[in-house]
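Please read the structure below before turning to the comments.
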Amino acid sequence: MKNTAICAGSFDPPTLGHFNIIERGLKIFDTIIVGLGINLAKQPILTVAERLDLLKQILKNHKNVEVVSFDGLLTAFARAKNCRILLRGIRNMSDYEYESQMALANKALYPELETVFMMTEGQYSHLSSTFIREIIASGGSCAGMIHPLVEKMLVRKLRK
């Protein structure tokens, strides 16, 4: 059985911190499933199709990465993928508090599911999708924070 982990998120937009966690995760896991969660309660800047396309383009050279979208519970998605490991990036203590609560809830829903926390590397610890959107919308550059393809799409969408 392959050692597979799911790295899930809304990726609106994906940051270099997200890609760093995925690439470092590949040193531990044979395969990473990047699960783009569709949250109907959120008002995303990028459509599901745009986010999927960006993730697939940027991760295309990683043959052991699968990029897919899902709706509903992450635990149901993990069961459907026959996966028992979640890979979660942690930037700070507030991330840890939230993620540890989520891990316990997921464990109650899917007892075989384990969550592996990976600390974000220092140069990415300040990045958040909200922060990125604000910088781009205000006319700033996010070079070194997001992939150039992501920045190009955000500029087009946020600077009308």
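Values quoted throughout were computed directly from the atomic coordinates according to the rules given, and no laboratory measurement underlies them. Nothing here was measured: the structure is a model prediction, and the numbers come from that model. Note: ideal-geometry Cβ built from the backbone for every residue, glycine included; neighbour counts use all protein chains shown.
List of remarks:
- At R0 = 25 Å, FRET efficiency that the Cβ-Cβ distance of Ala143 and Ala41 yields, to 0.05: 0.20
- Taking 18 Å as the cut-off, the amide N atoms of the stretch 1-22 that come nearer than this to a point 7 Å along the Cα-to-beta-carbon line of Arg79 belong to 6.
- Under a 5 Å amide H cut-off, with hydrogens placed 1.01 Å from N, Leu86 pairs with Ile6, Glu114, Thr115, Val116 among residues at least 5 apart or on other chains.
- Against the chain, whose longest principal axis comes from its Cα atoms, helix 16-25 is set at around 30 degrees.
- Karplus-based coupling profile of the stretch 116-130, in residue order and whole Hz: 10, 8, 10, 5, 5, 5, x, 5, 10, 5, 8, 7, 9, 4, 4, with θ = phi - 60° in 6.51 cos²θ - 1.76 cosθ + 1.60 and x standing for Gly or Pro.
- With the helix formula -39500 (n - 2.57) applied to DSSP H stretches of n ≥ 4, the chain reaches a computed 222 nm mean residue ellipticity of -12000 deg cm²/dmol.
- Basic side chains Lys and Arg get +1 at the Cβ, acidic Asp and Glu get -1 at the Cβ, and with that the dipole of the stretch 49-132 about its Cα centre reaches some 280 debye.
- Applying 1/(1 + (r/R0)^6) with r as the Cβ-Cβ distance of Lys152 and Lys60 and R0 = 25 angstrom yields a FRET efficiency of 0.90.
- Annotation: the residues Leu158, Leu36, Leu109, sorted from fewest to most other C-beta atoms within 10 Å of their own C-beta, follow the order Leu109, Leu158, Leu36.
- Angle in degrees between helix 148-158 and the longest Cα principal axis of the chain, rounded to the nearest 10: 70 degrees
- Environment charge of Ala5, counting only residues whose C-beta is closer than 12 Å and scoring Lys/Arg +1, Asp/Glu -1: +3
- Over 22 Å between alpha carbons, listed pairs Lys60/Lys160; Lys2/Lys63; Lys56/Lys160; Lys60/Lys152; Lys2/Lys27; Lys56/Lys81: Lys60/Lys160; Lys56/Lys160
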